[in-house]
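Notes for the one structure printed next.
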Amino acid sequence: MKAIFASVLALYAATPALAETVVMTFDGVAGDYTAFDDTLGDSTHVDVTNDTLYGFGSAGVYESHLEHWTNNYSGLTDIAFPSASGRVGQLAFGIDAGYELTFDSFDFGNYFDGSTARDASFRIYDAAWGLVWSSDVTGHTGAAVTMTPGVAITGTGYFQWGSDWNIGIDNFAYSVAEITPAVPLPAGLPLLLAGLTGFGVLRRRKS
């Protein structure tokens, strides 16, 4: 009888969607101060744009790109940084309807190989500029650090960091999966399960 219940319920269980994971390594261009274009980080269901902003949140675009640096950011190679010191770097994610993006992880380091203590702020905003995740680092030195936000959004999302261009990011990983809603149970299913339960009780009594 338990097997019958399990079989009936399994017919209406939601099937988990497979996620696509993208890791942005920022090695698609060569040379220092080279600007990234807006193909950076794109995937099947996500359109990524990159900018340097005047400040955090919806402060406005200072320049419509981030820039590449080859090495010496706490041991990281091929990193992205804001195009001017005192400004904020941004990756904006436009997500197709019916899909959800998760900010998995990223590395950050500071120039020159972490020899000078530097401060950094990291922010993730949703489409309405609501702050959904943040982290502030004070006096970072030495090796690169991995951050794992682990927050998920739909629609549009923004990742920002700054405001010192000596803080760069690398290995930015996000995953995107189709949102699969649970299939609603038909109205008659509770009656069917009740009938099966009664049938099972009668069989046990006869035994």
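Here are the numbers:
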| item | result |
| --- | --- |
| Near pairs, Cβ below 6 angstrom, 6+ apart or cross-chain, from the range 36-58 (open to solvent by 30 Å² or more (accessible area, probe 1.4 Å)) to any residue that is not in a strand (DSSP E or B) | 45/96; 49/38; 54/60; 58/129 |
| Of all residues in the range 77-124 being of a type in the set (D, E, K, R) and closer than 29 Å to residue 19 by Cα, the one that is farthest from the chain's Cα centre (by Cα) | 78 |
| Residue match in the range 125-136 (condition: surrounded by 21 or more Cβ atoms within 10 Å (Cβ to Cβ) and either over 14 Å from the mean Cα position of the chain (by Cα) or at pLDDT 95 or above (or both)) | yes |
| Residue check for residue 93: among the aromatic types (Phe, Trp, Tyr), within 21 Å of residue 61 (Cβ to Cβ) and in contact (Cβ under 8 Å) with a residue 60 or more places away in the chain | yes |
| Residue tally, condition surrounded by 15 or more Cβ atoms within 10 Å (Cβ to Cβ), assigned to a loop (DSSP other than H, G, I, E, B) and in contact with a Ser or Thr (Cβ under 9 Å, 6 or more places away or on another chain), over the range 72-83 | 4 |
| Whichever residue in the range 59-69 is of a type outside the set (Ser, Thr, Tyr) and part of a strand (DSSP E or B) and, among such residues, is surrounded by the most Cβ atoms within 10 Å (Cβ to Cβ) | 67 |
| Residue in the range 56-72 that is touching a His at 6+ places or on another chain (Cβ under 9 Å), farther than 28 Å from residue 19 by Cα and modelled with pLDDT of 95 or more present | no |
| Residues satisfying the stated conditions in the range 84-111, i.e. assigned to a loop (DSSP other than H, G, I, E, B) and β-branched (Val, Ile, Thr) | none |
| Options 107, 96; residue that is at pLDDT 95 or above, of a type in the set (D, E, K, R) and surrounded by fewer than 20 Cβ atoms within 10 Å (Cβ to Cβ) | 96 |
| Number of positions in the range 45-55 that are under 10 Å from residue 88 (Cα atoms), part of a loop (DSSP other than H, G, I, E, B) and touching a Leu at 6+ places or on another chain (Cβ under 9 Å) | 0 |
| Residue satisfying condition, being under 30 Å from residue 86 (Cα atoms), modelled with pLDDT of 95 or more, under 11 Å from the mean Cα position of the chain (by Cα) and open to solvent by less than 70 Å² (accessible area, probe 1.4 Å), within set 162, 157 | 157 |
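The values are calculated or read from the model by the stated rules, or taken from the named source; none is laboratory data. All values reported here derive from a predicted model rather than from experimental measurement. All Cβ positions, even for glycine, are placed from backbone atoms using ideal geometry, and neighbour counts span all protein chains on display. SASA here: full protein model, heavy atoms, side chains in, ligands and nucleic acids out. Shrake-Rupley method; radii C 1.70, N 1.55, O 1.52, S 1.80 Å.
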